[in-house]
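A short write-up of the structure that comes next.
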Amino acid sequence: MEVENLSLKEFCEKVAERKPTPGGGAVGSVVGALACALAEMVANFTRKKKGYEDVEPEMERIVEAMEEAREKLFSLAEKDMKAFEKVMKAYKGSREELQTALKEAASVPLDVIRVMRDLGHDLEKLAEFGNKNLASDTLNAMDLCRAVFLVEKVNVLVNLKNIEDEKFKNEMLEELEGQEKQIEGSYRRVREYLEGVVWNSK
């Protein structure tokens, strides 16, 4: 299934079917792509706009980065589905096959989280330097970014649960903790930048 070639309606219908894939991990990747699209829109409305000339190069970089991130997330949505199918198949095979499949299934959502970490950093730039007329879109993108992290965190943990390789598990958990700190930090800073711009908090 090539997720990027499906309409939103078709993708939702695929998710709704009585089939295990696409599931939460793939949905998280697609929502992540939408968050990147929002960030790209903000950057596009910032570049070539009077008063924002000094940040033009940074906005150009963000546009390119978001285009690449969206493509990567669509690819990860497909990898997530394939990884889950391998796990289901491996339950009928050897213990070694199952362990290998579980490691792959835990690794894919962590890849999504890495993309969300980078998105969070770019959203901080957009919150501080981007077009303030689109502040709500920047804030929306950060909310989605954090939500995708929470979705993918669950998918990492559920697969780690049955992995016997303690070194692998500990390394994954250590990275997960580090990524969470970065994303939560970005979430906090973006809100600090924009809450007063988007609405009157008093």
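The values are calculated or read from the model by the stated rules, or taken from the named source; none is laboratory data. Since the model is a prediction, treat every value here as computed from it, not as a measurement. All Cβ positions, glycine included, derive from the backbone under ideal geometry; neighbour counts span all protein chains shown. Note: areas computed on protein heavy atoms with side chains; ligands, DNA, RNA excluded. Shrake-Rupley method; radii C 1.70, N 1.55, O 1.52, S 1.80 Å.
Quick notes on this one:
- Positions within the stretch 143-202 being open to solvent by less than 20 Å² (accessible area, probe 1.4 Å) and either in contact with a Gly (Cβ under 7 Å, 6 or more places away or on another chain) or polar (S, T, N, Q) (or both), in sequence order: C145, V148, E152, Q179, I183, S186
- Selection status of A127, open to solvent by less than 10 Å² (accessible area, probe 1.4 Å), in a helix (DSSP H, G or I) and out of contact with any Pro (no Cβ under 6 Å at 6 or more places or on another chain): yes
- Scope the stretch 120-163; condition within 30 Å of R95 (Cα to Cα) and charged (D, E, K, R); matching residues: E152, K153, K161
- Residues being of a type in the set (D, E), over 17 Å from V148 (Cα atoms) and in contact (Cβ under 8 Å) with a residue 40 or more places away in the chain - total across the stretch 165-184: 1
- Output for the stretch 139-181, where each listed residue is more than 15 Å from R114 (Cβ to Cβ) and among the basic types (K, R): K161, K167, K169
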